[in-house]
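See below for the structure under consideration.
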Amino acid sequence: MKITNSLFPIGGAYPYVKKLNDSLQQLQVQLATQQKAQTLSDLGSSRVFDLTLRARISRLDAFKTNIDTTNLRLDFLDNSVTRLSEIQSETRGALNASGVGEEGIALASASEIAYNRLDEITAILNGDLNGRYMFAGNRNDAEPVVSADLIINGDGTRAGLKTLIEERKRADAVRGIAIG
């Protein structure tokens, strides 16, 4: 509603009503935008308080983000270590001294079982969370453990476990140690 001089013949009342109308319009803008002011300068002396409050809220948000990230990493590590413990228990149960383990698994298939478990362990240890290898220590941008195949079979430049076992058998045979 537009207020003009013609509605108020008394000269002193018009500025007061106009000031009330401006104040009402400003309050309607605040209500619609849910902001006390459009700019920091409109806040007047309370702008320092507003800036301080914004900085504190920003720091709290950063702390919350760090806490959430840390909790996610801890959950990942907890699940990984729990699975590693389960693998150890399962392997001990499957490969016992009687020659037949859990669910009738014969020791003849022990090497296959061991390889599969080793493969799972290396996969767990090489697990990454958002591009960070969680078990890699300070250098978390590269896989901390080589693959199970490389551990067992090696490659052209590195000897694997099979090669080391064969070399040990030959060395023991040369020294006359009987291998059972």
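The values are calculated or read from the model by the stated rules, or taken from the named source; none is laboratory data. Treat the numbers as computed from the prediction; the structure is a model and nothing was measured. Methodologically, a virtual Cβ is constructed for each residue, glycine included, from the backbone with ideal geometry; neighbour enumeration extends over all protein chains shown. Side chains are part of the model used for accessible areas, which takes the heavy atoms of the whole protein and leaves out ligands, DNA and RNA. Shrake-Rupley method; radii C 1.70, N 1.55, O 1.52, S 1.80 Å.
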query: How do Ser80, Ser46, Ser147 stack up against each other in accessible area, from largest to smallest, with a 1.4 angstrom probe?
result: Ser147, Ser46, Ser80
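Taking the Cβ of Arg168 as the centre, find all other residues whose Cβ is under 12 Å away and add up their charges (Lys, Arg: +1; Asp, Glu: -1).
On the way: positive: Lys162, Lys169, Arg170, Arg175; negative: Glu166, Glu167, Asp172.
Around Arg168, the charge tally is +1.
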field: Computed over the stretch 21-82, Cα set: Rg, Dmax in Å
entry: 20.6, 68
